[in-house]
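Since the structure comes first, as structure tokens, the remarks are kept for the end.
The values are calculated or read from the model by the stated rules, or taken from the named source; none is laboratory data. Predicted, not measured: the structure shown is a model, and the values here were computed from it. Here the Cβ positions follow ideal geometry from the backbone for every residue, glycine too, while neighbour counts run over all protein chains shown. SASA here: full protein model, heavy atoms, side chains in, ligands and nucleic acids out. Shrake-Rupley method; radii C 1.70, N 1.55, O 1.52, S 1.80 Å.
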Amino acid sequence: MKNYYFSTKKMCVGYDKKPLIKDLEIALPKGEILTLIGPNGAGKSTVLKSIAGQLELLGGTVSLGKDDLSQIKAEELAKRMSIVFTEKVKTERKTCRDMVATGRYPYTGWFGILSEEDERIVSEVMELTQITDIGEKDFGRISDGQKQRVMLARAICQEPEIVILDEPTSYLDIKYKLEFLLLLQEMREKRGLTVIMSLHELELAKIVSDKILCLRGEYAERYGTPEEIFESDFIERLFGISEKDFYGNEKLLAYMKQIGKYESNLS
């Protein structure tokens with residue numbers, strides 16, 4: 001039986017003890033990228049928060065390697081997993097570099113004093129994510145897109161084995177969307193980073209993912225490779241799109257061609 005780095009068994013998630021999605025079964029080798037897709041309200045963020053431990057599971061288990069996630073101590077989990085969600089972060093006049101540096105706190109002890117090695121890692125990651133030029137700016141006074149990049153840099157600074165990302169490209173322009181996804185692929189290849197994220201951009205999900213989990217309704221609709229997910233009219237059904245929606249709309253037609261929906265022109 002194949003050994004997986006990340007796995008769930010009979011995972012059930014929801015709020016106030018009311019199940020939203022049941023019996024999620026995920027098996028992901030180390031160093032792969034899993035993307036969650038589905039319509040708004042399908043439960044993508046709920047699944048990610050449950051994986052990250054921010055929401056209590058209503059059933060089942062989540063494991064990292066042989067370790068049940070619920071049994072991993074907080075300080076150890078902070079070294080193995082980093083999280084970037086879309087909620088606004090409250091800061092007290094921290095610079096962007098200060099924010100990135102908080103990613104080193106799992107390694108600095110109670111006093112949070114950064115060593116020369118910590119400072120080197122912060123600088124290296126800021127350069128990698130192209131935010132060095134805003135390092136001394138007040139985090140509260142930069143754009144949403146810049147904040148997103150700073151938070152991504154903070155997550156990378158933790159040097160995690162796995163990173164959980166909820167709509168990480170939401171506030172980024174197309175240039176930074178592509179650069180960020182290339183960065184994830186580079187870290188996957190060089191450091192064996194495992195990534196679980198949600199995306200709205202289907203064409204990007206198709207390009208960057210090793211596996212895709214499709215959510216809609218009480219159970220997962222489908223789990224597989226991009227080739228398996230985008231091979232037929234499944235995306236149309238997942239998002240409740242009918243073929244007639246594309247008549248006369250060249251931009252929408254071009255987009256659906258881009259994600260592999262149609263190979264020929266509609267007439």
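So here's what we get for this one:
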quantity: Debye, to nearest 20: dipole size of the chain, +1 on Lys, Arg Cβ, -1 on Asp, Glu Cβ; calculated: 520 debye
quantity: Extension reserve of the E228-E76 stretch, reckoned as 0.36 nm per residue once the Cα distance is removed; calculated: 51.1 nm
quantity: Flagged links, alpha-carbon separation over 19 Å, of K147/K175; K9/K30; K22/K49; K9/K66; K79/K137; calculated: K79/K137
quantity: Three-way shape label, segment 116-204, alpha-carbon gyration tensor, a/c 1.5; calculated: oblate
quantity: Dipole of the chain [Lys/Arg +1, Asp/Glu -1 at C-beta], most positive-end residue of L58, G103, G192; calculated: L58
quantity: Global form of segment 1-43, assessed from the alpha-carbon gyration tensor, a/c cut-off 1.5; calculated: oblate
quantity: Accessible area, probe 1.4 Å, largest first, for residues E179, E228, E32; calculated: E228, E179, E32
quantity: Anchor K177: aspartates and glutamates whose Cα lies under 17 Å away (excluding residues fewer than 8 positions away in-chain); calculated: E127, D144, D166, E167, E186, E201, E203
quantity: Point-charge dipole on Cβ atoms (K/R +1, D/E -1) for segment 1-151, about Cα centre, debye to 20; calculated: 620 debye
quantity: Trypsin sites (Lys or Arg not before Pro) within segment 39-89, DSSP loop, no more than 16 other Cβ atoms inside 10 Å; calculated: K66, K73, K88
quantity: Among L24, I131, I37 the positive-end extreme of the charge dipole of the chain (Cβ point charges); calculated: L24
quantity: Size of segment 60-196 as Cα extents on the principal axes (Å, biggest first); calculated: 41, 37, 28
quantity: The chain, accessible surface, carbon-and-sulfur percent (1.4 angstrom probe); calculated: 49 percent
quantity: FRET efficiency estimate (nearest 0.05) - Cβ-Cβ, E119 to Q185, R0 25 angstrom; calculated: 0.40
quantity: Computed FRET value (nearest 0.05) for W110 with K10, which takes r as the C-beta separation and R₀ as 51 Å; calculated: 0.85
quantity: Solvent-accessible area per residue, Å², over the chain with all protein chains present [probe radius 1.4 Å]; calculated: 53 Å²
quantity: Length gained when the stretch Y219-D133 is fully extended (0.36 nm per residue, less Cα-Cα span); calculated: 26.5 nm
quantity: Added length on full extension, which subtracts the Cα-Cα distance from 0.36 nm per residue, L178 to T91; calculated: 28.5 nm
